[in-house]
Amino acid sequence: MRTLELTADRGGERLDTFIARRCPELSRSHARRLIDDGLVSVNGRHGRPSERVAAGLHVSVTIPPPQTIDLAPEDIPLTIIYQDSDIIVLDKPPGLTVHPAPGHPSGTLVNALLAACPDLRGIAGTLRPGIVHRLDKDTSGLMVVAKNDRAQRALQQQLKDREVHKTYLALVRGVPKPREGTIEAPLARHPKNRKKMAVIAGGREAITRYRLREEIAGGRYSLLEVEPITGRTHQIRVHMSALGHPVVGDATYGRRSEIIARQALHASKLAFAMPLGGRAVEFESPLPHDIREAIERLRGEMIQ
């Protein structure tokens, strides 16, 4: 447990806003929770989140250690591409669920990260990794995860401003025409199957760019480079299916395949600005073995 002693440098600001501004490791919601829990005093009295501070007021903030959560660290192998005190960039294997959920209380990426990152500082007062974007269970590739509140907020803001650039490689059926284009089709929950997404008028804006990288097997298949401009659930899979070129092996939006046991979709590039300092970085991940093998079977030669 630690206590921060702050002096208000200007007046008229909400107390929770002031604390979040002066303490970069705290989000406004976390600051509000500390105030509600009686851990913030203003000139010796308990504060209120909405009260306005006056210049010169003394504010004392007590920050308890992060609370543990009812999740066990698990020694699940992870391919870590980069790690520092703020973030971890990893290459997620196919078949690994990101979040614990009913039916999946263990064996997830979160369980693996709790074991792989002993320096986690916690998110909003809870000892857990900050998942800022997700990959479907059977999609492989690059993810960035925050280790603390400050890093999580910085990455979330970049995602909101569309400053995080993600590139996927997708093996799809057929060759799209045109060979390079932009799909703009709103997405929402499927009206009859709530586990699926669908192109629905009035849904949330969804934009996907694609470019043909290679025709395979005489045009029966193709390898595409795909960039989701927005980040909707199952976006690439739904958009490619709507275009008439579903991802190979996608049993939800296309059909199962004999050449690969999951959807042939891989997050191959990830670019963003480092949360501390703003340095631009880009990470790359090669096609995993199962997608490479599927392509080799189709075209009869190695990918260079």
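The values are calculated or read from the model by the stated rules, or taken from the named source; none is laboratory data. Predicted model, so just to flag it, every value in this text is computed and none were measured. Cβ coordinates were reconstructed from backbone atoms using ideal geometry, including for glycine residues, and neighbour counts include every protein chain displayed. Surface accessibility is based on the protein's heavy atoms, side chains included, excluding ligands, DNA and RNA. Shrake-Rupley method; radii C 1.70, N 1.55, O 1.52, S 1.80 Å.
Results, tabulated for the structure shown:
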| item | result |
| --- | --- |
| Which listed residue, of V144, V98, V89, is of a type outside the set (D, E, K, R) and under 20 Å from S27 (Cβ atoms) | V144 |
| T182 modelled with pLDDT of 95 or more, loosely packed, with under 15 Cβ neighbours inside 10 Å, in contact with a Lys or Arg (Cβ under 9 Å, 6 or more places away or on another chain) and polar (S, T, N, Q) | yes |
| Residues that are of a type outside the set (A, V, I, L, M, F, W, C) and modelled with pLDDT of 95 or more, drawn from the stretch 231-241 | H234, Q235, R237, H239, S241 |
| Qualifying position, being in contact with a helix residue (DSSP H, G or I) (Cβ under 6 Å, 6 or more places away or on another chain), assigned to a loop (DSSP other than H, G, I, E, B) and either of a type in the set (D, E, K, R) or at pLDDT 90 or above (or both), among D75, D9, D16, D70 | D75 |
| In the stretch 261-290, residue surrounded by the fewest Cβ atoms within 10 Å (Cβ to Cβ) [restricted to those that are out of contact with any Lys or Arg (no Cβ under 9 Å at 6 or more places or on another chain) and within 13 Å of D138 (Cα to Cα)] | A261 |
| Candidates G231, G219, filtered to the one that is in contact (Cβ under 8 Å) with a residue 24 or more places away in the chain and under 25 Å from M143 (Cα atoms) | G231 |
| Neighbours by Cβ (under 6 Å, 6+ apart or cross-chain): first from the stretch 144-169, within 14 Å of M274 (Cβ to Cβ); second assigned to a helix (DSSP H, G or I) and not polar (S, T, N, Q) | A146/L155 |
| Unique match (being out of contact with any helix residue (DSSP H, G or I) (no Cβ under 8 Å at 6 or more places or on another chain), part of a strand (DSSP E or B), surrounded by 15 or more Cβ atoms within 10 Å (Cβ to Cβ) and among the basic types (K, R)) among K166, K137 | K166 |
| Leading residue by the ranking (farthest from D161 (Cα to Cα)) among those in the stretch 208-246 that are in contact with a helix residue (DSSP H, G or I) (Cβ under 6 Å, 6 or more places away or on another chain) and of a type in the set (V, I, T) | I216 |
| Every pair of residues 6+ apart whose Cβ atoms lie under 6 Å, when the first sits in the stretch 23-41 and is within 16 Å of E51 (Cβ to Cβ) while the second is open to solvent by less than 10 Å² (accessible area, probe 1.4 Å) and assigned to a strand (DSSP E or B) | L34/V40; V40/V61 |
| Any hit, the stretch 164-185, residues being over 24 Å from G244 (Cα atoms) and within 18 Å of the chain's Cα centre (by Cα) | yes |
| From the options L120, L4, L26, L96, residue that is at pLDDT 80 or above and either within 24 Å of A154 (Cα to Cα) or in a strand (DSSP E or B) (or both) | L4 |
| Tally of residues being under 15 Å from I200 (Cα atoms) and surrounded by fewer than 18 Cβ atoms within 10 Å (Cβ to Cβ) across the stretch 224-242 | 2 |
| Filter result for E205 (under 19 Å from R134 (Cβ atoms), free of Cβ contacts under 8 Å to residues at least 40 places away in the same chain and surrounded by fewer than 14 Cβ atoms within 10 Å (Cβ to Cβ)) | yes |
| Pair list, Cβ under 7 Å, 6 or more apart: the stretch 4-21 residue of a type in the set (G, A, S), other residue assigned to a strand (DSSP E or B) | A8/V53; A8/V59; G11/V53; G12/R52 |
